[in-house]
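Working notes, beginning with the structure itself.
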Amino acid sequence: MSALLFNGVLYLDSGDPEAALQLLGVAEALAAEQRLGLVVEPRFIRGAALSTQGAFEEAVACLREGLAGRLGAIQFRPFALARLAEALSRQDEYGAAP
């Protein structure tokens, strides 16, 4: 599952948010089927993909929810904070960035 999530991040970085969201869905389904946890907060990837697609308000909400959650305090927090700052800057909300 981790490979699916990290591959999704690679798709995000290469400008293909749809593929990232597809891999995220597969990873979430596999985690639910196998009753396992994910090592990356799924809302980080979803929020980053929404931001790439231009849905900045949804992206900001998704990323903030992920940062507030249990997985949000772990090692991928810098990734999420960077994506949140990017989404906020694209909305010209510079003062709202963390």
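None of the figures in this text is laboratory data; all of them are computed from the coordinates on show. Bear in mind that the values here come from a model prediction, so they are computed numbers and not experimental data. A quick note on method: Cβ atoms are made from the backbone with ideal geometry, for glycine too, and the neighbour counts reach across all protein chains shown.
Simple rule: put +1 on each Lys or Arg Cβ and -1 on each Asp or Glu Cβ in the range 2-96, find the dipole, and look at Leu84, Ala59, Leu30; the Cα lying farthest toward the positive end is Leu30. Helix 56-68 and the longest principal axis of the Cα set of the chain meet at an angle near 60°. For P(r) over Cα pairs in 5 Å bins from 0, in percent, pick the label among [x] 2, 12, 20, 19, 18, 15, 10, 4, 0; [y] 2, 16, 25, 25, 19, 8, 3, 1, 0; [z] 2, 12, 24, 26, 18, 10, 5, 2, 0 that corresponds to the value derived from the coordinates. It is the one labelled [y]. Only DSSP H runs of four or more residues enter the estimate; each adds -39500 (n - 2.57), and after division by the residues of the chain the mean residue ellipticity at 222 nm equals -22000 deg cm²/dmol.
Below 14 angstrom from the Cβ of Phe44, what's the summed charge of the other residues (Lys, Arg +1; Asp, Glu -1)?
Here the count lands on 0.
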